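Presented below is the structure to which this report refers.
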């Protein structure tokens, strides 16, 4: 029951719709198990602990000290610094390069996970929030991403037919990178 009280406290702060849905279903099952079937109570309590830890990780992700440069409006749900670019994925890469020149460094790779993602009309790149000395490695990576993007889109063009799917994939990949950054940097 103490776990349920902790979860209830965090319920209204959850921004991840999947976590809210799963949390709600598990709360229902927990009470159902208390009334009808005692056998499943331990299993449901374990699942509730997993959801609780997931919620804590989502909240911890808010504390990652980074900035996301994106043209994906789904990223506005994520509680990190957002630099929204009203333009193409190439505009996002160019804006990222501008930030790298000012002394920011890359947190995730600006190169797409696959050729299909290079054709995506949406892009999100995570950079540090603190200005440091210019990071040559970050600059080389973003320059390589710009060249690769120009080369791929010159032959095939950007795939705008599956815009919604690309937005969702970009959102999932970027939030996974934010979670990993949170784990690595311990913030």
By counting other Cβ atoms within 10 Å of each Cβ, how are 158, 85 ranked from fewest to most? 158, 85
Starting at 0 and stepping by 10 Å, how many percent of the alpha carbon pairs of segment 66-185 end up in each bin? 14, 49, 32, 5, 0
Quickly rank 119-127, 164-172, 131-139, 69-77 as a protection proxy: mean count of other C-beta atoms within 10 Å, highest first. 119-127, 69-77, 164-172, 131-139
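Using a/c under 1.5 as the rounded threshold, could you call segment 105-161 rounded, prolate or oblate? The axes a ≥ b ≥ c are square roots of the C-alpha gyration tensor eigenvalues, and prolate needs a/b larger than b/c, oblate otherwise. Spell out each step's value before the answer.
On the way: a/c = 3.29, a/b = 2.03, b/c = 1.62.
Prolate.
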Roughly what % of DSSP beta bridges within segment 66-185 run antiparallel, to the nearest 5? 60 percent
What full-extension length gain, to one decimal in nm, is calculated for residue 136 and residue 176 as 0.36 nm per residue of separation minus the Cα-Cα distance? 11.9 nm
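Computed from the coordinates by the stated procedures, all read-outs in this text should not be read as laboratory data. Here the structure is a predicted model, which means the values were calculated and not measured. Cβ atoms come from the backbone with ideal geometry, glycine included; neighbour counts cover every protein chain shown.
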